[in-house]
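Here is the structure we will look at.
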Amino acid sequence: MDTKTFLDRIVPGDGVYFVASDYIKQDGKPGIRHTKANSIDEAVAAISRLNKLNKNIFIATGAFLDPKKPRKADNLSGKKCLYLDLDCGTGKD
């Protein structure tokens, strides 16, 4: 499956999308850098660019209203998928 098909399946069709990648800060500590995309095609281009740099890539599964605001519930325009994060194993109460 190509990146565009994948994103079409997991994110809403309209809104601002956030693609995140890892980087090393000037102090040597790891950080996360967010790239905002105004369309799925822009998100695909950002993912392609980051992939060529061998970055770890993370995708927010929601679409957002205002690109100048953070990825918070009051800025969320919609979600397309439902998911669960189940932690199990020893020590996972």
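The values are calculated or read from the model by the stated rules, or taken from the named source; none is laboratory data. None of these values were measured; they are calculated from a predicted model. Cβ sites come from the backbone with ideal geometry, for glycine too, and all protein chains shown count toward neighbours. Side chains included, ligands, DNA and RNA excluded: accessible areas come from the protein's heavy atoms. Shrake-Rupley method; radii C 1.70, N 1.55, O 1.52, S 1.80 Å.
Suppose accessible area is computed on protein heavy atoms with a 1.4 Å probe; arrange D14, D2 from highest to lowest.
On the way: D14 125, D2 90 Å².
Correct descending sequence by accessible area is D14, D2.
With a cap of 10 neighbouring Cβ atoms within 10 Å, and only residues DSSP puts in a loop, list the chymotrypsin sites (Phe, Trp or Tyr not before Pro) found in segment 24-93.
Numbers: sites: F58, F64, Y83; in loops: Y83.
Answer in residue order: Y83.
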Checklist line | Whole-Hz couplings from phi, Karplus 6.51/-1.76/1.60, listed for segment 36-44; x for Gly and Pro | finding: 9, 10, 8, 7, 5, 4, 5, 5, 4
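To the nearest 500 deg cm²/dmol, what mean residue ellipticity at 222 nm is calculated for the chain from DSSP H runs of n ≥ 4 alone, each contributing -39,500 (n - 2.57), summed and divided by the residues? Provide the component values of the computation, followed by the final result.
Numbers: 2 runs with 21 residues, N = 93.
Using -39500 (n - 2.57) per qualifying helix, the result is -6500 deg cm²/dmol.
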Note to self: Quick check: the distance between the Cα centres of segment 1-44 and segment 68-93, to the nearest angstrom?
What the structure shows: 16 Å
Item checked: Low-density loop cleavage sites - trypsin sites (Lys or Arg not before Pro) in the chain, where at most 12 other Cβ are within 10 Å (DSSP) -> K25, K68, K72, K92
Check: Taking a point 7 angstrom from the Cα of Y83 along the C-beta vector, which residues in segment 32-59 have backbone N less than 11 Å away?
Finding: 58-59
Next item on the list: Note down the accessible area of V44, probe 1.4 Å, to the nearest 10 Å².
Entry: 40 Å²
Check: Which pairs, out of K25/K68; K25/K80; K25/K55, put more than 26 Å between their alpha-carbon atoms?
Finding: K25/K80
Next item on the list: Pop out the ³J(HN,Hα) list for segment 23-33 in order, Karplus 6.51 cos²θ - 1.76 cosθ + 1.60 with θ = phi - 60°, rounded to Hz; leave Gly and Pro as x.
Entry: 7, 9, 5, 4, 7, x, 8, x, x, 10, 10
Next item on the list: Excluding I10 itself, calculate the net charge of residues whose Cβ lies under 10 Å from the Cβ of I10, where each Lys or Arg counts +1 and each Asp or Glu counts -1.
Entry: +2
Item checked: Nearest-10 value in Å² for the accessible area of S21, using the 1.4 Å probe -> 10 Å²
